[in-house]
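Bear in mind these aren't lab numbers, they're just calculated from the coordinates by the rules spelled out. Computed from a prediction, not measured in an experiment: that's the story for all the values here. In this analysis, Cβ positions are derived from the backbone assuming ideal geometry, glycine residues included, and neighbour counts consider all displayed protein chains.
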Amino acid sequence: MTHEELERTIREIADEFSGRLPDQDIDNAHIFLDAGELEIALENLCAQVYEYDLPVTVRTFKRIRSAGSELGLRSSHWTDLTVISNE
């Protein structure tokens, strides 16, 4: 994935949690993305999703894993997320 594709993917992932995560967490993700800090944006999103024990669909989990792998993040950022069947 290109940098732009990764940014778009992470932005879409963040937007999927709008209304489920506090607005501040979504805003922070966008701020990091706007600053080019894709790794921090995705790490923080995963941490907040885990902290709030929000389930993620298989599709979203695969997108998180793909983006994280592309960015060279440790898989521990997403392996403990609760995955549910796609809706």
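Okay, here's what the table says:
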{"quantity": "Answer residue from region 1-30, given it is assigned to a helix (DSSP H, G or I) and of a type in the set (Gly, Ala, Ser) and is surrounded by the fewest Cβ atoms within 10 Å (Cβ to Cβ) among those", "calculated": "Ala14"}
{"quantity": "Every residue from region 31-43 that is part of a helix (DSSP H, G or I) and either without any contact (Cβ under 8 Å) to a residue 24 or more places away in the chain or within 15 Å of Ser69 (Cα to Cα) (or both)", "calculated": "Ile31, Phe32, Asp34, Leu38, Glu39, Ile40, Ala41, Leu42, Glu43"}
{"quantity": "Members of region 57-86 that are in contact with a Leu (Cβ under 8 Å, 6 or more places away or on another chain) and part of a helix (DSSP H, G or I)", "calculated": "Phe61, Ile64, Ala67, Gly68, Glu70, Leu71, His77"}
{"quantity": "Sole exception among (1) among the polar types (S, T, N, Q); (2) touching a residue at least 12 places away in the same chain (Cβ under 8 Å); (3) farther than 19 Å from Ser85 by Cβ for Gln24, by number", "calculated": "(2)"}
{"quantity": "Where Leu54 falls short, out of the listed (1) of a type outside the set (S, T, N, Q); (2) within 21 Å of Arg74 (Cα to Cα); (3) in a helix (DSSP H, G or I)", "calculated": "(3)"}
